[in-house]
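Everything below concerns the one structure shown next.
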Amino acid sequence: MRDRARAVVIGGGVGGCAILYWLARLGWSDVVLVERAELTSGSTFHSAGLVGQLRASLSLTKMMMESVELYRTLGAEVGLETGWREVGSLRLASSEERMEEIARQAGWAKTFGLPLELVSAAEAQALFPPMSVEGVLGAAYLPTDGYIDPSQLTFALAEGARRRGAEVEPHTRVTGIATKRGRVTAVETDRGAIETEVVVNAGGMFAGELGALMGVTVPVVPMAHEYLVLRPSGLPLEMPTMRDPSLLVYFRPESGGLIMGGYERHCAPWSLDGIPPDFNGKLLEEDWPRFEELMANAIARVPSLEEMEVVRLVNGPEAFTPDGEFVLGPSEVDGFWVAAGFCAHGLAGAGGMGKLVAEWIVDGVPSLDVWHMDSRRFGAGYRSQAYTVARTKEVYETYYDVKYPGHERTAGRPLRVSAAYARLAELGAVFGEKAGWERANWFEPNAAAGDESLRPRGWAGKLWSPAIGAEHVGCRERAALFDESSFAKLDVGGAGAADFLERLCANCVARDVGRVTYTQMLNPRGGIECDFTVTRLADDRFRIVTGTAFGQHDLAWIRQHAPEDGSVQIADVTSQHACLGLWGPRAREILQPLTRADLAHRAFPYMSARELAIGPVPCLAVRVTYVGELGWELYCPVEYGLALWDTLWEAGREHGLVAGGYRAIDSLRLEKGYRVWGSDITPEDTPHEAGLGFAVRDDKDFVGRDALHVAGTPERRLRCLVLSDPRSIALGSEPVRVGDALVGRVTSGGYGYTAGSSIAYAYLPAEHDVGTGVAVEIFGTWVEGEIAAEPLFDPAGERIRA
């Protein structure tokens, strides 16, 4: 065994071997994989092996497509069988909502170039003869999906890595990971130490224990997942795999027989007190009572199943996560990487995941926008096993459920509540959750002032209320009060803070004390890594305010680039400060009587901040907006938050102040063309493509500047689309065409209550300008529209500067 390696991968499952393979393929030949027992002896060997490509996110779908591309050629490359069978897949629809679901998926598939077809129940049965068509309305058929043998794939990946110089060391148990000044220096094993600067925790269900060695929380929960193996009975060998989500089951052909499994409503987390040290290559005892529900459902879909001979019921632990997404990327310990929590999709995603993680290690940035899979996305709440298990159980048990736009999870709530939470509840808030925070989506009593006739068609109107429109209009016409305490707040201070932020930010942020700057931080490719405001509080102190869900990401990005000389200090102060947003044409009338400070535009201009008192409450007032109206974000120590809400609420009564929720904010921001990081703008999009060139200062040096110069004039641009049917709402990822040509996909959409229009944003080829006719496919129907000049509301910005 080597005593020195460029990288050490811990874990000999399909994930670890895929990363090893791609590291070696990218030129890192001096890499080692250590495995506590034999390859595949964790969860890989008992995987059902289904490979489906179309997923809910762009990046995950691309990863799955990369996997299939590799699986088609890997066997020939290394001279070993992988078991890849490209037999296609069926997804049945047994209700109108499921038909809408597959129609939406068909639209997504167009944007990826996946040949997904919508077929009838009879056509589905012709492809999968043993199925019953009872209750089936239709199906989605993707001929490029399939299944693969988990062990054969893993050994083929390992062989591909070995041929490029990598080493695989089975029966090598990790006992510790050495660090120096916060950086990995070696992996300690029962066979000796390996010096290295990069360690990849690909430990599968053991990833949490490996993370604990470093003080890193990896929130994975082993779930006992069962599937049935049935003896060959003469079924066609090339049948597609089949999923019936309404019945919670999946099927896979196996040598003329079937494999059948699913996701039961009463799941079984396993070994929460620690996985036995000798649990290698083992299965759990068959649990027929738990499988009974799935068995009955499976027989309803494939009646002949009742007569087939059972070979065995496989019951094996699979690592699941609290949000159903992979856990990938660097951790807070320099050099310690994580690739775990594959949620029973390790076989489907291994090829693409291995490539992504290896590129990330080699190049320093991922090739895709993977924040929703980033290992650093989980906050402190996930140190709690009880919270992690509750969230993970919900993910497993609702795996096949239809998730309507605005769907909110319920497990582990409420957890984080703002100082004004009780008041919001008294006012009838319908709460959502983000990053553990309870946040008002809307206030149902406001529905009486709304317009039910504006309810969007189809899915967009399922989790909706007329209150959203009432709050939007109230903000535009009078004023609205929003609780934004969940917004992430990061303080950057120290003697080197100004120079540090100037180097990271594309805009100039080291302005006068009290100035506020809207800016992005870019990656070396020029893509947008962060999008936020920076307020200069003092010569050596700045405050960054970013979205609730992005605080962990932005904090990690900033810390990753911080100097080591102690000249910069970075702190997450989110929980120290309440934040209320007061916006609308009457905002100044409401606020001015409560303070001795002059709030006139000349005295307190747009994009500035100052310390003042609002009634009895000390505040930092920041004149910014995310809704396109006059107003302020008011920050105060959290213990004053309730008093601040009560003071503003009482003062606003005579002015028609309305309590507003986040769904109204989204509608208001759409009309103003304000972007959302993670959908409208991502690490794959540059500011110039996104229409944010005004926030880029080319006369200074910053990360990503060179890439922007090399890129030159953008070949695609983010465009505002206005659709002809105001009640047809794009939700994201819908295909967009100009004429007969597919030209892009929707990034975000919604209804603008002031504009009276359905609005969508999409990246389109740059030659398509304002006035160009477009069409967006919404649940199988092409809705006409056109590219509009933006912003749709107050294009001169007069209201925000009133």
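The values are calculated or read from the model by the stated rules, or taken from the named source; none is laboratory data. Since the model is a prediction, treat every value here as computed from it, not as a measurement. Neighbour counts run over all protein chains shown; Cβ positions are idealised from the backbone, glycine included. Just so you know, the surface numbers come from the protein's heavy atoms only, side chains and all, with ligands and any DNA or RNA stripped out. Shrake-Rupley method; radii C 1.70, N 1.55, O 1.52, S 1.80 Å.
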* Structure fact -> Mean projected area, convex hull of alpha-carbon positions in segment 277-351, reported to one decimal in nm², is 8.3
* Asked: How many Å² of accessible area per residue for the chain, probe 1.4 Å?
  -> 37
* If you stretched the chain out fully between Val770 and Arg602, how much longer would it get, using 0.36 nm times the residue separation minus the C-alpha to C-alpha distance? -> 57.0 nm
* **Within the chain, helix-based [θ] at 222 nm, where runs of 4 or more DSSP H residues each add -39,500 (n - 2.57), nearest 500** => -7500 deg cm²/dmol
* To do: Can you figure out the FRET efficiency of Asp794 with Ser567, using R₀ = 51 Å and their beta-carbon distance, to the nearest 0.05?
  => 0.75
* Sort segment 289-430 into rounded, prolate or oblate with this rule: let a ≥ b ≥ c be the square roots of the eigenvalues of the Cα gyration tensor; rounded if a/c is under 1.5, and if a/c is not under 1.5, prolate when a/b is larger than b/c, oblate otherwise. => oblate
* Paramagnetic reach from Leu454 (point 7 Å along Cα→Cβ, amide N under 17 Å) across segment 769-802 -> 792-794
* Mind checking the log10 I(q)/I(0) for segment 448-494 at q = 0.29 Å⁻¹? Debye, one equal scatterer per Cα, no solvent, two decimals. -> -1.02
* So if R0 is 60 Å, what FRET efficiency would Thr781 and Glu38 give, r being the distance between their Cβ atoms, rounded to the nearest 0.05? -> 0.70
* Structure fact -> Over its alpha-carbon atoms, segment 613-660 yields an Rg and a Dmax in Å of 11.1, 29
* **Fully extended contour minus Cα-Cα distance, from Glu197 to Ser384, at 0.36 nm per residue** => 64.4 nm
* Asked: Carbon and sulfur together cover what percent of the accessible area of the chain at a 1.4 Å probe radius?
  -> 49
* Cα-derived Rg to Rh of the chain, Kirkwood definition -> 0.97
* Asked: Which FRET efficiency, nearest 0.05, do Glu169 and Glu307 yield, Cβ-Cβ r, R0 51 Å?
  -> 0.60
* Based on the Cα coordinates of segment 663-788, what is the per residue volume of their convex hull in Å³? -> 112
* **Per-residue ³J(HN,Hα) for segment 379-391, Karplus 6.51 cos²θ - 1.76 cosθ + 1.60, θ = phi - 60°, Hz, x for Gly and Pro** => x, 5, x, 7, 6, 7, 5, 4, 5, 4, 5, 4, 5
* To do: Search the structure for amide H atoms under 5 Å from the amide H of Val198, placed 1.01 Å from N in the peptide plane, and list their residues when 5 or more places away or on another chain.
  => Val8
* So what does the Cα-only Debye profile of segment 544-605 read at q = 0.15, 0.30 Å⁻¹, as log10 I(q)/I(0), no solvent term? -> -0.72, -1.32
* Where GluC sites (Glu not before Pro) fall in DSSP loop in segment 557-612, at most 10 other Cβ within 10 Å -> Glu564
* **Cα-Cα P(r), segment 1-88, percent of pairs per 10 Å interval** => 14, 39, 37, 9, 1
* Per residue, what volume in Å³ does the Cα convex hull of segment 507-562 take up? -> 83
* To do: Could you bin all the Cα-Cα distances of segment 479-541 into 5 Å bins starting at 0 and give me the percent of pairs in each, rounded to whole numbers?
  => 4, 17, 24, 23, 15, 11, 5, 2, 0
* Kirkwood-based Rg to Rh ratio, segment 618-712, C-alpha trace -> 1.11
* What relative contact order, as a whole-number percentage, does segment 179-284 give when Cα pairs under 8 Å and 6 or more residues apart are counted? -> 19
* To do: May I ask you to derive the relative contact order of the chain, considering only C-alpha pairs under 8 Å and at least 6 residues apart, and to give it as an integer percent?
  => 12
* Alpha-carbon centroids, segment 333-362 and segment 396-427: separation in whole Å -> 29
* What ³J(HN,Hα) values, in whole Hz, does the Karplus curve 6.51 cos²θ - 1.76 cosθ + 1.60 give for segment 514-529 when θ = phi - 60°, with x put for Gly and Pro? -> x, 8, 10, 10, 8, 8, 10, 10, 10, 8, x, 7, x, x, 7, 8
* Structure fact -> Hydrodynamic radius by Kirkwood for segment 474-593, inverse mean 1/r across distinct Cα pairs, in Å, is 15.4
* Structure fact -> The alpha-carbon pair-distance distribution computed for segment 536-658, with 10 angstrom bins and whole-percent values, is 11, 40, 32, 14, 3, 0
* Structure fact -> Sequence order, segment 301-312: Karplus ³J(HN,Hα) from phi using 6.51 cos²θ - 1.76 cosθ + 1.60, θ = phi - 60°, Hz rounded, Gly and Pro as x, gives 8, 10, x, 5, 4, 5, 9, 6, 7, 7, 7, 5
* For segment 1-150, calculate the relative contact order in percent as a whole number, restricting contacts to Cα pairs under 8 Å that are 6 or more residues apart. => 25
* Estimated D of segment 121-274 in µm² per second, where Rh is the Kirkwood radius over Cα pairs and Stokes-Einstein applies at 10 °C, 1.306 mPa s -> 80
* To do: Give the long-range amide H neighbours of Ala659: residues separated by 5 or more places, or on another chain, with amide H under 5 Å away, using H modelled in the peptide plane at 1.01 Å from N.
  => Leu481
* Structure fact -> Length gained, Thr410-Ser255, 0.36 nm per residue minus C-alpha separation, equals 51.6 nm
* What is the spread of the Cα atoms of segment 39-187 along each of their three principal axes, largest first, in whole Å? -> 59, 39, 26
* To do: State the number of lysine pairs found in the chain whose Cα atoms come within less than 22 Å, restricting to pairs 8 or more positions apart or on distinct chains.
  => 10
